[in-house]
Amino acid sequence: MTSLRVACCMAAAATAVATAGGEPDIGFPTVAEAFAALSADPQLEFREEAGWLSADRREGDILVFWTFTSEVHQAHPSAVKRILSKTAGNWQLEMRVLCEADEAACDELVGEFHALNDQLRRRLSRAATRDEGDADPG
């Protein structure tokens, strides 16, 4: 499992969401193209976790989490790219979503990930408090 040493507290998360026809910035125009390209990347290993297909990779001091909906998820097809980075001593979590389902399903998906992001922030905050600077978010 990829891990990253965490040394401070999380700042507020930013979220960019695009539904079908929108302008996402996940680096791919469609969910299918994102999944095909990332699946072919030898540095990424996908795993199934609680009905999601997930992969993550370190890019320098940045940790990028990719998550795709399974075929049975109401917001399928969707891709979520979360980027954990350190800026000016604070950890930032940015989330970008490309959802090709209907708007209500996409809204629910974003809500699910906001809850997951909140869990990650709490975990990082507890670890930073406990260890005064070193934590493992992964």
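Read-outs throughout are calculated quantities, based only on the coordinates presented, and are distinct from any laboratory measurement. Since the model is a prediction, treat every value here as computed from it, not as a measurement. Every residue, glycine among them, receives a Cβ derived from its backbone with ideal geometry; neighbour counts consider all protein chains shown.
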Given a Förster distance of 25 Å, the FRET efficiency implied by the Cβ-Cβ spacing of Val72 and Asp107, rounded to the nearest 0.05, works out to 0.85
Contour excess over end-to-end distance, with Cα ends at Arg58 and Gln92 and 0.36 nm allotted per residue: 10.8 nm
Could you calculate the FRET efficiency of Asp41 with Arg126 from 1/(1 + (r/R0)^6), where r is the beta carbon distance between them and R0 is 35 Å, rounded to 0.05? 0.60
Whole-number percent relative contact order across segment 50-113, with pairs defined as alpha carbons under 8 Å at least 6 apart: 24
